Amino acid sequence: MAQIEDRGAQRFRTILVLLTLIALVGLGTILWLTQGQTLLTALQTKPSATATRTPTPGFTATPTLTSTPAATATSVIRAETAVIIAPTPMPTATPPMTATATLTPTLAATATLTPTTVVTVSAPFGSIAYHRTVNGIESLASINLGDNTITPLVDVGLVGDLLFNTHAPIGTWSPDNTRLAYISTFKRDGPNALRVIDFRNRTNTVLYWTRENGVLFSPAWSPDGKRIAFVEMVPLRENQTGWSIYLVNADGSLCQGKAVCTLRTNAQGEQYHGGLAWSSAGILALGSNSTGGNDVFTLFADGWGMFNLTQHPADDSLPAFSPDGKQIAFTSTRDGHYQIYVMDVHGGNIRRISRGDSTDYAPTWSPDGKWLAYTSVRDGEPNIYMMDLQGNNVRRLTFDGGDRPAWSR
């Protein structure tokens with residue numbers, strides 16, 4: 001009887017196991033049909049996410065896809081912030097940093113462009129000799145640009161450039177700045193003299209005298225300081241008056257056995273309008289009206305040639321060579337009144353330098369070629385002013401009258 005009960009219990013357990021297995025298989029089938037695609041997708045994406053986060057120690061939870069783009073976004077923001085605060089590129093070379101590094105030159109270039117918009121010109125130096133009238137006496141003085149002191153030099157009298165109102169300098173410095181050549185007379189309508197002050201030995205020497213009623217103009221030194229060119233009014237036939245360019249040796253010796261050498265005598269009808277200049281390249285320039293209007297001409301130091309550089313109906317005169325001989329500053333009325341212009345030595349690229357409505361004339365170059373001193377009539381009185389080659393940084397140099405400036409070399 002006991003054996004029969006044992007076999008019955010065994011059959012019951014067997015049937016229960018079979019039913020359980022059948023239930024599990026059915027449940028598995030149902031899960032596969034409903035969730036199989038989702039489980040397959042999870043199984044396919046799991047290795048990639050695990051590989052991305054493997055280097056992180058102690059991280060056991062299954063990562064999500066949002067962790068990777070979050071890390072990348074953080075690195076880009078950090079890199080750009082570093083460039084803006086400190087333009088020096090960071091040493092790491094990850095792809096986000098490579099893209100950000102291209103911004104660094106742009107930021108640096110923007111920073112370096114700011115100073116280039118400021119035009120700076122070196123401070124002027126040297127001395128400027130000029131004409132002034134004190135108590136009715138015509139004289140020369142000098143202003144030192146280092147300390148702005150004014151030193152009286154010599155009385156000159158009513159010489160040719162003052163009588164004929166050429167506005168040209170009466171005295172000019174030698175190339176080594178040790179001497180000053182100038183024109184003087186001791187009485188009205190008396191003879192004019194070309195003289196040289198030597199500041200080394202404190203001498204004042206006469207190099208040439210005119211006859212009574214003779215008139216001299218505009219001394220100009222040769223580049224080597226050995227000769228001086230000047231202009232003299234000369235009588236022509238039929239009681240006409242013309243002019244000649246003469247040369248004299250600066251040491252007082254004879255020129256080809258004579259007191260002076262004649263460089264050129266003008267044709268009948270021409271008039272001299274002032275501003276004889278001698279360039280460092282050995283070219284002479286002056287103002288003349290041989291064409292019916294006043295123009296700037298150049299010629300060689302042997303007197304050959306007369307080349308019209310301006311060819312303009314306006315009044316062009318008072319040429320002054322730049323220290324390197326490549327440019328000529330001059331005075332012109334082509335804009336309605338006297339103004340300062342600069343052109344190339346061959347007459348091209350003419351441009352106006354001075355501005356405003358005042359009368360500006362008689363330019364002279366600074367030793368470094370970066371400034372022009374000139375005469376300007378403001379408040380009814382001429383005085384010496386200076387400006388840079390863009391017409392900026394205008395500065396007044398004299399306050400009690402002055403004109404016809406000549407800057408030291």
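The values are calculated or read from the model by the stated rules, or taken from the named source; none is laboratory data. All figures in this text were calculated on a predicted structure; none of them were measured in a lab. For the accessible areas, the whole protein counts, side chains as well, though only heavy atoms, and no ligand, DNA or RNA atoms are used. Shrake-Rupley method; radii C 1.70, N 1.55, O 1.52, S 1.80 Å.
Some points to look at:
- Each residue of region 396-409 was assigned a 3J(HN,Hα) from its phi angle through the Karplus curve 6.51 cos²θ - 1.76 cosθ + 1.60 (θ = phi - 60°); the sequence is 8, 9, 10, 10, 10, x, x, 7, 6, x, 9, 7, 5, 7 Hz, with glycine and proline shown as x.
- Applying the Karplus relation 6.51 cos²θ - 1.76 cosθ + 1.60 with θ = phi - 60° to region 345-356 yields 3J(HN,Hα) values of 5, 9, x, x, 6, 6, 9, 7, 9, 6, 9, x Hz, where x marks Gly and Pro.
- Residues whose amide H lies under 5 Å from that of Y338, counting only those 5 or more places away or on a different chain, are D360; hydrogens are built 1.01 Å from N in the peptide plane.
- With all protein chains modelled, accessible area of I283 [1.4 Å, Å²]: 40 Å²
- Amide H to amide H, with H built 1.01 Å from N, A250 comes under 5 Å of R227, I228, counting only residues 5 or more places away or on other chains.
- Solvent exposure of K187, expressed as accessible area, is near 90 Å², computed with a probe of 1.4 Å over the protein chains only.
- Working note: Cα gyration tensor of region 169-302, eigenvalues times five, square-rooted, sorted largest first, giving semi-axes of 24, 18, 13 Å.
- Computed with a 1.4 Å probe on the full set of protein chains, the accessible area for T241 sits at about 90 Å².
- Taking a straight line from the alpha carbon of K226, these aspartates and glutamates sit under 14 Å away, with near neighbours fewer than eight places off in the same chain left out: D176, D198, D251.
- Taking 12 Å as the straight-line reach from the Cα of K326, the aspartates and glutamates in range (excluding those fewer than 8 positions away in the same chain) are D344.
- In the full protein context, region 140-229 carries 44 Å² of accessible surface per residue, based on a 1.4 Å probe and ignoring ligands, DNA and RNA.
- Exposure ranking of R395, R188 by accessible area [1.4 Å probe, largest first]: R188, R395
- Accessible surface of region 147-192, 1.4 Å probe, proportion on carbon and sulfur as whole %: 52 percent
- Accessible surface, 1.4 Å probe, highest first, among residues L153, L24: L24, L153
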